[in-house]
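So the structure is just underneath, and the comments pick up after that.
The values are calculated or read from the model by the stated rules, or taken from the named source; none is laboratory data. Since the model is a prediction, treat every value here as computed from it, not as a measurement. Note that we place each Cβ from the backbone using ideal geometry, even for glycine, and neighbour counts take in every protein chain shown.
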Amino acid sequence: MAGLNSRRARRLRTALRKLDAMDLSVDVVEPDRVEHSVTELLRLHTLQWESRGINVQHTQPQFMDHLTRATRSLVVEDRAVLKEFRVRGRLRACDLTVVGKDFVGGYLYGADPELRAEADVLTMLLRDNLETTHRLGRPVLSLLRGDEPHKAKFGCEAVVNQRVMLGRGVRSAAYAASAGARAAGQELLKRRCPRLAERFASWR
């Protein structure tokens, strides 16, 4: 909490005390239970985005199949951790984190919308992710792509994602120019019309 201002630190302490007072249990999912847990994760993820613009790919059967296969392999190889969060014995959230050579990254989670009335869900997940990062001896916890407002409140360090494109000739130059223009357009739309930008993002 040293990097937070006093107001944010106070709010975070309050949220942590509230979590500690709950009948909360966290279980690591073993490979033989991955399929069931991923199904629950996506069900909760859909619920949490019900009144907002969900990424439609996350609602497709193909995505569930792919995520289940990939997660099972990653869990077996200790390159991912899938967890279930229960309150008073009832499943309320699932969280999938990926484990890299020098980082742990929060990939996808699903949380019952009703849980937000009882606890700060993001603080719950972040605390657990930090514990996983420390336990595995990784130096970095990454919140991965995106600049969502909730990430700023934890005092995260923003790192710009960059791509390097290698190519020769006129077609490569034209592709690079169009990619640059598209990125600039998306950034402008995000600044001027954030709600419209979210809707476009959910259609991709």
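Sub-8 Å Cβ pairs linking a first residue in region 115-144 that is over 18 Å from Leu24 (Cβ atoms) to a second residue that is at pLDDT 90 or above and part of a strand (DSSP E or B), at least 6 apart or interchain, are Thr133/Val104; Leu136/Val99; Leu136/Val104; Arg138/Val99; Arg138/Val104; Val140/Val104; Leu141/Val104; Ser142/Val104, ordered by first then second residue. Counting only residues that are surrounded by 19 or more Cβ atoms within 10 Å (Cβ to Cβ) and either assigned to a loop (DSSP other than H, G, I, E, B) or not hydroxyl-bearing (Ser, Thr, Tyr) (or both), region 126-140 holds 3 of them. Here is a check on your reading of the model: is Val87 among the hydrophobic types (A, V, I, L, M, F, W, C) and free of Cβ contacts under 8 Å to residues at least 60 places away in the same chain? Considered against the rule, which asks whether it is among the hydrophobic types (A, V, I, L, M, F, W, C) and free of Cβ contacts under 8 Å to residues at least 60 places away in the same chain, Val87 comes out as no. Against the criterion of being farther than 20 Å from Ala117 by Cβ and free of Cβ contacts under 8 Å to residues at least 40 places away in the same chain, Asp65 qualifies.
Just name the residue that is surrounded by the fewest Cβ atoms within 10 Å (Cβ to Cβ) out of those in region 84-121 that are in contact with a strand residue (DSSP E or B) (Cβ under 9 Å, 6 or more places away or on another chain) and in a helix (DSSP H, G or I). Restricting to residues being in contact with a strand residue (DSSP E or B) (Cβ under 9 Å, 6 or more places away or on another chain) and in a helix (DSSP H, G or I), the top hit is Glu114.
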